[in-house]
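Written below as structure tokens is the structure these notes are about.
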Amino acid sequence: MYKVSEFSKMTGLSKETLRYYADIKLLEPVYIDPANHYRYYDNGSYLVGRLLVYLRRFNFTIQEMLEVVNDESFENLEELIRAKRRDLQAEIQRIQTVIEEMDDFFEMGIGEGKDDHMA
């Protein structure tokens, strides 16, 4: 079993994040020592912790992460990640369109010499 400080280093999740995840029942310690209230995690917790790191990186919300973790079979995980990937691709396209619009804006001469037009 791993103490919070060791588990934090192993997973890349801060102590504060681990406490928050425990509070919302996303990643609870497997054991809390009744004498000193130290929280302990195990190897199964490590796998879930690493998964949560990836899900956050993949832009999953806390609610979506709860759904993944509560589905212990992880049956829908691949489809959820594929859907998130599609969402990110759409966001990339939207951002590229905005950048093109900005380029068009500057090509029209708007924005250049703006001090001349501000009176």
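Read-outs throughout are calculated quantities, based only on the coordinates presented, and are distinct from any laboratory measurement. Note that the coordinates shown come from a computational prediction; the quantities given were computed from them, not determined experimentally. Don't worry about glycine lacking a Cβ; one is built from the backbone with ideal geometry, like all the others, and counts go over all protein chains shown.
Annotations
- For the chain, the number of Lys pairs with C-alpha atoms closer than 23 Å, counting only pairs eight or more positions apart or on separate chains, is 5.
- Compared with the dominant Cα axis of the chain, that is its longest principal axis, helix 77-107 is turned about 20°.
- The angle separating the long axis of helix 43-57 from the principal Cα axis of greatest extent in the chain is about 10 degrees.
- Sites counted here are GluC sites (Glu not before Pro) in a DSSP loop (not H, G, I, E or B) having no more than 14 other Cβ atoms within 10 Å; the longest part of the chain that contains none of them is 1-71.
- Residues considered: 35, 83, 22. Largest GNM mean-square fluctuation over the chain, using C-alpha springs under 10 Å, is found at 35.
- The relative contact order of the chain, computed from alpha carbon pairs under 8 Å that lie at least 6 residues apart in sequence, is 19 percent.
- Rounded to 0.05, the FRET efficiency of the residue 71 and residue 43 pair, given R0 = 22 Å and the Cβ-Cβ distance, is 0.65.
- Cubic angstrom per residue, convex hull over Cα atoms of the stretch 1-106: 117
- Local net charge near residue 50, Cβ-Cβ under 14 Å (Lys/Arg +1, Asp/Glu -1): +2
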